[in-house]
Amino acid sequence: MKPDVLEEVQRLIDALESHPDPAVRADVTALLQGIDAVHRTALTHLVDAIRGMAGDAFVNRLAGDPAIRLLLMSYELLAVDRRLVAEEALDAVRGHLHDHGIDVELVDVVGGAVYVRLHGLRDGGTTLEAVRHDVEEALRTGLIGFQELVVGERAPAGPALLQVGGLRSAQRPVYRRACAAADVAPGAMIAVNVEGQGILIANVDGEILAVINQCGDTPLPLQFGTLACAELRCSWHGCRYDVRTGKRLDGGAEHLVVLPVAVEGDEIRVVVGVEPAVGR
């Protein structure tokens, strides 16, 4: 089983930093600081320039490339929801499996383990081994750090936000109150403002979802559109999106920015950023 590349890099760094020779430890520290200073400064200026010219939506589109996503994550320039990335990876094989009467439901992503439920498997039809092979190949291709596919149930867990801080300091998501859970009935959606950011909260069959309240690369708000199951149709020019994944359903390249959500008691809370975690 191949280990997560970031975890392996961190393991090697820890091994060198604890080397018995103090000269080696000092050289490793100086090397890491130098690499970090050069790369972090250049990448920060580059991302700021891209955001200034094309906006966050274009940065998010660039981050669809796994290699770019990994690099930006490593320098605290991008917070990535691994559940969303796993959904996108599974989309590559869902159509093929659906043709055989099989649907793949993502349950959770914990580290390198992906938990799924398979619906539609029948005696005499496509075998579990064949489906597992297809799903694993899709995850290996689209989800960096994928290690293990688990088919079956898992205890419910809140959305997980992976933030790797320069491979050295852990980060944790910052949740803020968006609205009361009772404010969003099943099949409905409402627009809220959280710390200056417009957010659209949707209730899809009891599942609470949140996206940035703008259509693709434009500033046009989405709250005037219509919601049918998980499909959101923009009122301005008819764009159709899946609010679970942010993927456009009518052939366009734009994505909605999907935010991690937590329902705590009677409150709906969304992630507005990250902060340093306590300890390593």
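The values are calculated or read from the model by the stated rules, or taken from the named source; none is laboratory data. Computed from a prediction, not measured in an experiment: that's the story for all the values here. Here the Cβ positions follow ideal geometry from the backbone for every residue, glycine too, while neighbour counts run over all protein chains shown.
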Give me the pairs, please: first residue somewhere in the range 47-70 and over 23 Å from G198 (Cβ atoms) and of a type in the set (A, V, I, L, M), second residue anywhere and modelled with pLDDT of 70 or more and surrounded by 14 or more Cβ atoms within 10 Å (Cβ to Cβ), beta-carbon distance under 7 Å, and either six or more positions apart or on two chains. I68/L62
Those residues that are more than 22 Å from the chain's Cα centre (by Cα), of a type in the set (A, V, I, L, M) and farther than 22 Å from E88 by Cβ, I need them from the range 216-268; list them, please. L220
Do you know which of the residues in the range 15-44 that are of a type in the set (D, E, K, R) and over 17 Å from Y75 (Cα atoms) is surrounded by the fewest Cβ atoms within 10 Å (Cβ to Cβ)? D21
For T218: the one exception among (1) crowded, with 20+ Cβ neighbours inside 10 Å; (2) not in a strand (DSSP E or B): (1)
